[in-house]
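Notes to accompany the following structure.
Nothing in this text is a laboratory measurement; each read-out follows from the coordinates by a stated rule. Not measured: the values here are computed from a predicted model. Here the Cβ is made from the backbone with ideal geometry for all residues, glycine too, and neighbour counts use every protein chain on show.
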Ligand SMILES: NC(=O)c1ccc[n+]([C@@H]2O[C@H](COP(=O)([O-])OP(=O)(O)OC[C@H]3O[C@@H](n4cnc5c(N)ncnc54)[C@H](OP(=O)(O)O)[C@@H]3O)[C@@H](O)[C@H]2O)c1
Ligand SMILES: NC(=O)c1ccc[n+]([C@@H]2O[C@H](COP(=O)([O-])OP(=O)(O)OC[C@H]3O[C@@H](n4cnc5c(N)ncnc54)[C@H](OP(=O)(O)O)[C@@H]3O)[C@@H](O)[C@H]2O)c1
């Protein structure tokens, strides 16, 4: 699958040195790879600030996308979005273009990097879903004062990331996978991840499995981080806890990551372009080098990976030639000297053994629209969201009258999820965004028009609606949540 | 405002001892209050498991709601939702009923509670928005495989919590307020909180102000927690980082909180009912006692608050009679003995001074539907979300044909926020949930029907739609985000 250059049996990798300190840390990695005779050949490509300045609004030109599509593997430095060139990030472009759905963030205590948790043997991996959730970026102002973002989670999306996490646990000889969600509050979206976790879990009997509420997970990460092995979680949760976890072992500056999908894998440092030290030869290449070591394992070059990793570990442990960010003030060396030390240490073994790795197998997903037909489906009502400055009582009376004689009747009105009509006695603060729930007098099989479009039209003559959601039943179960009322 | 019993000039407080260890830690607090002659009189009320078992599905009976409404202040033990009595929590019922929009979580290093961060002087408050965001719980299955939760954030909601946070900073003589959001990704929702923060900030020139991206905030909380003073954030973010922050100073078991609104304030321990130790006289009352100390300050009893707080601090610092959770194994004492020690220490002063407090003034909000009329509004298109197993190309062709001759034309189709029609060359994995964007040929003033209902109806004859969002412009600005495309 992955392109190899036959003469040398080397794997061709697209190299995106990137912006700021990117080229420096890439060059450092390249030198160490050369010294270790890593079986990799680089195909250098462009992305980031220079590309934006050429007027390519995605930050990644066609040739770069083609190179990654061909090689299926890339090592990427930090990319900047220069101010004034739109607000799209080249990082997001690459992630979305190649549907890199799995973000892998190893978090391991490094020798010589002192933190309040030093000595506790933190060694975990956070597997973050990388394309769904609130990051789909689907936002609509509902009224001038009410903003909405759609949090979308899908069954195939959950299954893909959960199987990737189980696969990773197996590949890294890990014992336990913890699924972290907010399923107790968001029963349909976050709950879906928990349910899928429980469904596919039995396929991996060699891996212990548990679920944790995401807020408790953040708490436990600070209280007793040693308890975690692999954590799988949704995009927003994962964004927060992966940065938290990186902090436990020394921070984002030394954290590597990979972004995996069916069609490509991109390895990168978590840090940015650190413009303040760019071009000065001071950058610490540990993060990008660690990402490159992950990449070697991804292509099956386990031995070279271990050789380089051990040289890095021993360099950090001995603490001689470390860059400024890891040294007492005034004792830091330049990138060059650090790299030289790592190269000198190639072949030595540190006190911290490398883990055992096997190839990571990702389930390949068919290249067609994922769809499951339920055994039965019914349409039972509709939520019509409208903008109004009326009181709940006035609105209730008006909508009841409009629905009179139609196929639907007004069931309830809620405001930010709290029922306000019929009144409950609560002291709800009202914004001008009402969720008006109508139920069909006769639930109907299928998902046809059923008079809903007519009701919407009739309401549009008196009120200002902006959002409609059908209320369905799939396989005999309500496919929506009820507002918080009193009974 | 707050009910006081005139004979004794005592404040009447609704007491909800709650479930599990709740009654024990409440009794401990009551005894200490009595010994300190705190100006409080208790009106004991019911909520939680026993109430559910009586068949009251909200977990809080009318008399309890009435008591809190009358007294405007309550001290609450942990409440359980017994299995089999629905999935509504009495805590959520109380929060929503009284619109307790501000969750206040002080995080201060306590003497005698050893953590990896001991000695660094952590002393911050997290102010979490408590009623909006994904917690509105508005969820709809879009297709059998695609779940959606609405993340709603409102301008008045943001303004209320931000002003509460500034007010709290002033009341506690704090220097800096940090607003933590994901505004870089969710420009309309999370971005609204950041914008409102910047707008109201100038009203508080005595408080330093900055903004931090929420993932970096979680990172910094672990790397350098001392830098934070007050943090204000949205509901989901706050849920995660407040539990994280509690972990830095010893965990949820000793963390207090308050829930403030215009009509009531409820003070509580963050921990749950700890069923494993319930009824054994072993529970640590520190969290509920600390919440009760916050309550004393809320009613202006600053001196008594300080007397009790200092007795608690010195008890913890001297480390004699501590409960099991804070003692080396086998050296813990019962709740009773700990309480006795605190009472004995009333009047003594610890090495850790109490902070200076002033009354917290919350801006009162008018009791009508919050609404702002923009100077101009236009309707420019509609997003129609539909379920389909077609390819993007097939769907594009079909919808283009359906729109032919109507007032709208198909502009683009996206799948989980990524444009898939017109094709971009990306390798997007398709789920059966397409966001089909139609633009009006002639944008129209106002928010009238404009042929949109007709288009929806026509699409419903061929495709299965379940969700519609109008695309508006307010004050000349697009009130929606564009999907991630290539150009
Ligand atoms: N994946 C990516 O491509 C990515 C990720 C994050 C940010 N960015 C972009 O990078 C730019 C800068 O972002 P930022 O300043 O927020 O974060 P950053 O570049 O990571 O820099 C934060 C600080 O961390 C230190 N640092 C980071 N990496 C280091 C290294 N390898 N060696 C030594 N010190 C290191 C530097 O500290 P000192 O300056 O104190 O030495 C730097 O100021 C922005 O344009 C941002 O959009 C890109
Ligand atoms: N605000 C609320 O009302 C609230 C909040 C959270 C949970 N809950 C409810 O409480 C029930 C139990 O929840 P949970 O087990 O997840 O959390 P929990 O009750 O906080 O218990 C977690 C563990 O923390 C320890 N602990 C908590 N508070 C303590 C105290 N005051 N003194 C000594 N140790 C303490 C106990 O450890 P050991 O058992 O090891 O001694 C306990 O097992 C559930 O029904 C939940 O829904 C209510």
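Values computed for the structure shown
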| read-out | value |
| --- | --- |
| Point-to-point label distance, residue B:482-residue A:337, nm (Cα→Cβ direction, 7 Å offset) | 4.9 nm |
| P(r), alpha carbons of the stretch A:302-422 - 5 Å bins starting at zero, rounded % | 2, 8, 11, 9, 6, 5, 4, 4, 4, 4, 5, 7, 9, 10, 7, 4, 1, 0 |
| Estimated FRET transfer efficiency (residue B:356, residue A:226; beta-carbon r; R0 35 Å; 0.05) | 0.35 |
| Förster-model FRET efficiency, 60 Å R0, residue A:365 and residue B:62, C-beta, rounded to 0.05 | 0.70 |
| Relative contact order for the stretch A:377-478, counting Cα pairs under 8 Å that sit 6 or more residues apart, in percent | 48 percent |
| Degrees between helix A:392-403 axis and first principal axis of chain A (Cα, 0 to 90, nearest 10) | 70 degrees |
| For residue A:478, label point 7 Å along C-beta direction: distances to other copies, nm | 3.7 |
| Residue mean of other protein chain beta carbons inside 10 Å, A:462-471 | 6 |
| Descending semi-axes in whole angstrom, ellipsoid equivalent of the protein assembly as shown, from the Cα gyration tensor | 44, 41, 24 |
| Global form of the stretch A:343-384, assessed from the alpha-carbon gyration tensor, a/c cut-off 1.5 | prolate |
| Stretchable slack from residue B:276 to residue B:120, in nm (0.36 nm times residue separation minus alpha-carbon distance) | 52.9 nm |
| Nearest-first distances (nm) between copies at residue B:328, label 7 Å from Cα via Cβ | 3.2 |
| Least to most buried among B:193, A:439 (fewest other Cβ within 10 Å first) | A:439, B:193 |
| Mean Cα-pair separation over length for chain B, i.e. relative contact order, pairs under 8 Å, 6 or more apart, % | 15 percent |
| Neighbouring partner chain Cβ atoms per residue of B:62-69, average, 10 Å criterion | 1 |
| Cα centroid separation, the stretch A:20-83 to the stretch B:304-341 (Å) | 58 Å |
| In Å, descending, principal axis extents of the Cα set of chain A | 85, 51, 48 |
| Rounded FRET efficiency, nearest 0.05, which uses the C-beta distance separating residue B:373 from residue B:320 and R0 of 60 Å | 0.40 |
| 16 Å tail of the calculated P(r), the stretch B:377-478, as % of Cα pairs | 53 percent |
| Peptide-level mean, for B:359-369, of C-beta atoms on other protein chains within 10 Å | 2 |
| Nearest-ten-degree value, helix A:286-298 long axis tilted from longest Cα axis of chain A | 80 degrees |
| Gain upon complete extension [residue B:184, residue B:206; 0.36 nm per residue less C-alpha separation] | 5.2 nm |
| Relative contact order %, the stretch B:12-160, counting alpha carbon pairs below 8 Å whose residues are six or more apart | 20 percent |
| Inter-copy separations for residue B:275, label at 7 Å along Cα-Cβ, nm, ascending | 5.6 |
| Residue order, fewest to most beta carbons within 10 Å, for B:101, A:85 | A:85, B:101 |
| Degrees, to the nearest 10: B:214-223 long Cα axis against longest axis of chain B | 30 degrees |
